[in-house]
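Everything on this sheet refers to the single structure shown next.
The values are calculated or read from the model by the stated rules, or taken from the named source; none is laboratory data. This structure is a prediction, so every number in the text was calculated from the model and none was measured. When we count neighbours, we look across all protein chains shown, and the Cβ atoms used for this are built from the backbone with ideal geometry, even at glycine. The area values use the complete protein model at the heavy-atom level, side chains included, leaving out ligands, DNA and RNA. Shrake-Rupley method; radii C 1.70, N 1.55, O 1.52, S 1.80 Å.
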Amino acid sequence: MTSTLTKSKIPALTSANPLLTPAAVDIGNHETKLAIASDVAVIESAYAEVINDSEVGDIEDLNPGSTFVRYLNGTRDDLIGKKWLAGGDARVMFPETYQRVVDYQNNQGKVRLGLQLLLASIEPPKVGNRLEIVLTASLPDVALLSEAFKDALLGIHHIERNGITFTVLITAIEVYEEGTGAFLWGLAQGLFPQGSQVATVDIGGGTVIIQGFTAKGKPIPKTRDVTERGVNDLALAIARDDRFRAYLGKHADPSLVLDGIRDGSFKYGGKGFNFSSIYSDHHRVWVQTTVAPALRKLQGIQDQIAAVLLIGGGSFLVQSIAKGSIHHCSTAQTVHVQGLLMLARRLAIGGLTNG
């Protein structure tokens, strides 16, 4: 599962005893989550290549969660000299050309845009201008995607992020199945006793993913099920509702609809239009056609599992069903990456195997 840089690829370190920084990343279809030290950063999984700096304007005017990155030099020859905007502003400023992770088939977006989103998420070091990272990550198909993912991220990366220049050295990557971090987090929080089998229901932007885990936290392959519908489908259905067309004279922007759902205001952008009644109608249908069928697929193993964890950025939409052994995690959006960070800390302490 672990990939490391060979000695020949690791530049000479500036310190005789460098401190490895554990980090964990979860590159989702809708959001990218990065846990590093005690902080968790969340940005929209959107990327736009920038040709002229004037297209971005003043960096200080970027919205929180959006960053402008220049790849100055490093292992990724194909990125040298490239500039990009990541996060929500990539979608807003470059509506015709921005890319989303979910735009790529077979989860290739997690490989193609992984490093760009990771570097956009990393804050500059508080001391010095260099971070040496050991990284844990999750992928939906580890056997198929992990080697390409590691090749895309491992190495030394000299960047300028929001005007600050620093270096990120990723020396090792360990890749796990999706949901593994949530299992570890739930165990640490005492949501289920040690030695229990559990299941996760990860409600994301483009998918609802079910995964069962053994008492040792290993995925049970036969329990994995992916529904190719998520929160984005709910937002799109609301945006295309005739009541929006009657008000706007056109379909609504699903991203602005999603913003109104997430902040609980149910207001559309700057228009002040309240779409709570439209949301209620479509939410009921979405739960019945997307989430309920996914939960029914757990019935075959319900006698074996001690708990079901509702996780993912969209899980707040169904927290009302959390009762008994079904738990809606308090930080459901980031529990998976927080659990992966535990594994990254173990990786940092345990040292690296070159090869």
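Quick grid of which residues meet (1) basic (Lys, Arg); (2) farther than 16 Å from GLY88 by Cα; (3) buried (at least 20 other Cβ atoms within 10 Å of the Cβ):
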{"site": "ASN232", "(1), (2), (3)": "no, no, yes"}
{"site": "ALA237", "(1), (2), (3)": "no, yes, no"}
{"site": "ALA252", "(1), (2), (3)": "no, yes, yes"}
{"site": "GLY264", "(1), (2), (3)": "no, yes, no"}
{"site": "GLY269", "(1), (2), (3)": "no, no, no"}
{"site": "GLY272", "(1), (2), (3)": "no, yes, no"}
{"site": "PHE275", "(1), (2), (3)": "no, yes, yes"}
Response to the item:
Note: among ILE159, ILE164, just one is crowded, with 19+ Cβ neighbours inside 10 Å and among the β-branched types (Val, Ile, Thr), namely ILE159
Worksheet, complete the sentence: Among the residues of region 23-54, the number that are under 23 Å from GLN105 (Cβ atoms) and either touching a residue at least 60 places away in the same chain (Cβ under 8 Å) or open to solvent by less than 10 Å² (accessible area, probe 1.4 Å) (or both) is 14
Discussion item. Take residues that are touching a Leu at 6+ places or on another chain (Cβ under 7 Å) and touching a residue at least 40 places away in the same chain (Cβ under 8 Å) and tell me which of the helices (runs of 4 or more DSSP H) falling wholly in region 248-355 contain 1 or more.
Written reply: 276-286, 335-350
Worksheet item: Of the residues that sit in region 156-195 and are of a type in the set (Val, Ile, Thr) and more than 19 Å from the chain's Cα centre (by Cα), which one is farthest from TRP84 (Cα to Cα)?
Response: THR171
Worksheet item: Could you list, in sequence order, the residues of region 283-324 that are more than 20 Å from GLY206 (Cα to Cα) and among the polar types (S, T, N, Q)?
Response: GLN299, GLN302, GLN304, SER320
Worksheet item: For region 174-212, what are the residues that are on the phi > 0 side of the Ramachandran plot and either assigned to a strand (DSSP E or B) or in contact (Cβ under 8 Å) with a residue 24 or more places away in the chain (or both)?
Response: GLY179
Item to complete: Name the residue, out of GLY300, GLY217, that is open to solvent by 30 Å² or more (accessible area, probe 1.4 Å), out of contact with any Cys (no Cβ under 9 Å at 6 or more places or on another chain) and among the small types (Gly, Ala, Ser).
Response: GLY300
Worksheet entry | Condition broken by PRO125, with the remaining ones in (1) open to solvent by 10 Å² or more (accessible area, probe 1.4 Å); (2) modelled with pLDDT of 95 or more; (3) touching a Leu at 6+ places or on another chain (Cβ under 6 Å); (4) not aromatic (Phe, Trp, Tyr) satisfied | (2)
Practice prompt. State yes or no: is VAL226 closer than 30 Å to PRO140 by Cα and in contact (Cβ under 8 Å) with a residue 60 or more places away in the chain?
Written response: yes
Worksheet entry | Filtered residue count, region 73-88, keeping only those that are closer than 30 Å to GLY314 by Cα and open to solvent by 10 Å² or more (accessible area, probe 1.4 Å) | 1
Discussion item. Quick test of your reading of the structure: ASP151 fulfils all but one of (1) surrounded by fewer than 23 Cβ atoms within 10 Å (Cβ to Cβ); (2) acidic (Asp, Glu); (3) not in a helix (DSSP H, G or I). Name the failing condition by number.
Written reply: (3)
Worksheet item: What's the number of the condition LEU144 fails, among (1) of a type outside the set (Lys, Arg); (2) within 15 Å of the chain's Cα centre (by Cα); (3) assigned to a helix (DSSP H, G or I)?
Response: (2)
Worksheet item: Looking at region 82-96, which of the residues that are within 16 Å of LEU113 (Cα to Cα) and in a loop (DSSP other than H, G, I, E, B) is farthest from the chain's Cα centre (by Cα)?
Response: LYS82
Worksheet item: Considering region 97-122 alone, what residues qualify as being assigned to a helix (DSSP H, G or I) and open to solvent by 30 Å² or more (accessible area, probe 1.4 Å)?
Response: VAL102, ASP103, GLN105, ASN106, ASN107, ARG112
Worksheet entry | Some residue of region 55-72 being out of contact with any Lys or Arg (no Cβ under 6 Å at 6 or more places or on another chain), in a strand (DSSP E or B) and surrounded by fewer than 19 Cβ atoms within 10 Å (Cβ to Cβ) | yes
